[in-house]
Amino acid sequence: MQTLTPHVYWAQRHGEIYLRVELSDAQNLTIRVEENTLTFRGQGHGAKGENDYEFSLEFLKPVKPEVSHRSTQRQVNITLLAVLEVMNPAVGLVKTGIVPPMIQVFGRNFILFIILGSLDDMQNKPVVFFVFYLWSSIEIVRYPFYMLACIDTKWKLLTWLRYTIWIPLYPLGVIAEAVAVIQSMPIFDETKLLSIPLPKGLGSRLSFSYVLHLYLVLMFLGLFLNFRHLYKQRRKQLRTKKRKPY
Ligand SMILES: CCCCCCCCCCCCC/C=C/C(=O)SCCNC(=O)CCNC(=O)[C@H](O)C(C)(C)COP(=O)(O)OP(=O)(O)OC[C@H]1O[C@@H](n2cnc3c(N)ncnc32)[C@H](O)[C@@H]1OP(=O)(O)O
């Protein structure tokens, strides 16, 4: 196994230094502090997948070598909570359809858990950055818009942005997701991960990449349905009221 450096986050209080080492399922940890140097060694899942990771840090002055460390479990991504976006219209909490949020939540979780979550080799591909960047960009506008809606307030610029920036972002998001799906196909073929057992006479297993071909078609159908929905919402929300003629 290669030895790599993990991402390390620093925080400091009057008498303590906190380091967060981004390594999940960490094992065989060795953490030493000698004079003004801290060394860390361990195995786990970091930015470059499952590997040995190590680093050393030199402090400006000697520190008291009282190390306490805590390992936390792998974080369940907050994206799962977006299921609430389907529940809200289902129980009548918000006035909108169930299908558009369902398409969005299903689409994002499919990419997150099936394509990126199950294939370590996908996680350091540049396309992952674009997928997350595009998903997050719209939410920077959407959630403040909803928060204001909860207190019956509308800011013109925010409303305009909420109902306009999806026009470039949504197709770009779906293209980025499609690239991720296409890039994952040879990996699924090679690893046979999630392959489907076939009845005797039809071969042994069907590669999951065939499911992904079908998913690509569904993605563009999903894009069309949500694009149409957002277009209608845009017309409704940005409609300028015509003045009555005298
Ligand atoms: C047959 C199809 C099979 C499909 C198979 C799956 C394939 C999947 C493919 C799809 C892949 C897409 C994956 C996603 C990609 C991306 O996200 S790319 C990045 C860019 N994305 C976007 O721009 C889209 C962002 N998302 C949305 O806009 C929504 O999620 C939406 C569901 C598409 C539309 O939202 P909706 O709620 O229906 O409309 P709004 O106009 O926003 O809201 C309506 C009213 O409801 C109020 N409201 C909604 N939510 C809340 C809330 N949480 N809190 C308070 N209020 C809320 C909102 O204020 C509106 O109220 P009114 O103003 O009174 O009308």
In whole angstrom, the spacing between the Cα centers of segment 1-47 and segment 180-246 equals 40
Any chance you could run the full-extension gain for Tyr231 through Arg20? It's 0.36 nm times the residue separation minus the Cα-Cα distance, nm to one decimal.
71.6 nm
Could you work out the relative contact order of segment 7-58? I mean the mean sequence separation of Cα pairs under 8 Å and 6+ apart, divided by the number of residues, in percent.
27
From phi via Karplus (6.51, -1.76, 1.60), per-residue ³J(HN,Hα) for segment 53-64 in Hz, x at Gly/Pro:
10, 7, 7, 9, 10, 9, 7, 5, 10, x, 10, 6
Determine the sum of side-chain charges near Trp10: Lys and Arg each +1, Asp and Glu each -1, restricted to other residues whose C-beta is under 15 angstrom from that of Trp10.
-1
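Just rank Tyr9, Tyr231, Tyr215, fewest to most, by other beta-carbon atoms within 10 angstrom.
On the way: Tyr9 9, Tyr231 13, Tyr215 20.
Lowest to highest Cβ neighbour count: Tyr9, Tyr231, Tyr215.
How high is the relative contact order of the chain, in percent, with contacts defined as C-alpha pairs under 8 Å that are six or more residues apart? Walk me through the numbers on the way to the answer.
Numbers: 265 pairs, mean separation 29.9, N = 246.
Normalised by residue count, the contact order of the chain is 12 percent.
Extension gain Asp152-Val83, at 0.36 nm per residue separation less the Cα-Cα distance, in nm?
Working: separation 69, 0.36 × 69 = 24.84 nm, distance 2.40 nm.
In short, 22.4 nm is gained.
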Below 8 Å, C-alpha to C-alpha, sequence gap of six or more: please give me the relative contact order for segment 58-167 in percent.
14
Calculated from DSSP helices alone, with each H run of at least 4 adding -39500 (n - 2.57) and the total divided by the residues of the chain, [θ]222 nm to the nearest 500 comes to -14500 deg cm²/dmol
Give me the one-decimal nm value for the distance between modelled label points at Thr3 and Thr30, 7 Å along each residue's Cα-to-Cβ direction.
0.8
Share of Cα-Cα pairs in the chain beyond 34 Å, in percent?
40
Equivalent ellipsoid semi-axes, segment 7-58, via Cα gyration tensor eigenvalues times 5, rooted, Å:
21, 13, 8
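Just so you know, all these numbers are worked out from the coordinates, no wet-lab data involved. These numbers were taken from a predicted model, which means no experiment stands behind them. Cβ sites come from the backbone with ideal geometry, for glycine too, and all protein chains shown count toward neighbours.
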